[in-house]
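The values are calculated or read from the model by the stated rules, or taken from the named source; none is laboratory data. Model, not experiment: these values are computed from the prediction. Cβ placement follows ideal geometry from the backbone for every residue including glycine, while neighbour counts extend to all protein chains displayed.
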Amino acid sequence: MTNERPSFFMPALIGGGLAGILSGIPFINCLCCLWIIGGAMLAAYLLSKDSKVPLSSGDGAIVGALAGVIAAIADFFVSIPFQAMSGKMAQNIMEKVSEYADEMPQGWESFLEGGGFEASMAMNIFGLLIAAVVFSILGALGGILGMSMFGKKIFPAQGNVTIDVPKEDSGVKDPSDR
């Protein structure tokens, strides 16, 4: 039996990629935190399935955090095509609100006409960094949960166990006492 640990990258890539794709799709991303925890649990399951040695909860936390970072990257790229749609929807909502509101802040019309809902590249990268931190924390939690549920358990060896039972004085002599 070898004490070689399996690679953390492939399970994290599968679990994190799936979680990131689901987190990036509108209306499905309502369960974003749940997708990240579930993807990290999947990564822990895949890691423990391929392992020949028992793994600790720390290994689950590592693979889960890695899956969280991969999920943040996948979420970033999947959500790019939907940003224009989301920005246009937010602009339509704010236009309807401005029709019914009595007073709107000064310069509000220029904000709506100028497309103020479009995010800059710097804001997108900042959002990616924040998502990577939050997703890695949630992923570590999911990895620990997954390893506790799916990890191999360590049991004591069965055959090398010695039980010391005191002898009772029943009046019968032990044959070895001759």
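Residue by residue, here is whether (1) at pLDDT 80 or above; (2) surrounded by 10 or more Cβ atoms within 10 Å (Cβ to Cβ); (3) hydrophobic (A, V, I, L, M, F, W, C); (4) within 38 Å of the chain's Cα centre (by Cα) holds:
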residue	(1), (2), (3), (4)
Glu99	no, no, no, no
Ala119	no, yes, yes, yes
Leu128	yes, yes, yes, yes
Leu138	yes, yes, yes, yes
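Remark: pairs (first residue in the range 38-62, touching a residue at least 60 places away in the same chain (Cβ under 8 Å) and of a type in the set (Asp, Glu); second residue buried (at least 17 other Cβ atoms within 10 Å of the Cβ) and assigned to a loop (DSSP other than H, G, I, E, B); Cβ separation under 9 Å; 6+ apart in sequence or on different chains) = Asp59/Phe8; Asp59/Gly151. Within the range 1-35, take every residue that is part of a helix (DSSP H, G or I) and over 13 Å from the mean Cα position of the chain (by Cα) and give me the one that is modelled with the lowest pLDDT. Ranking the candidates gives Asn29 first.
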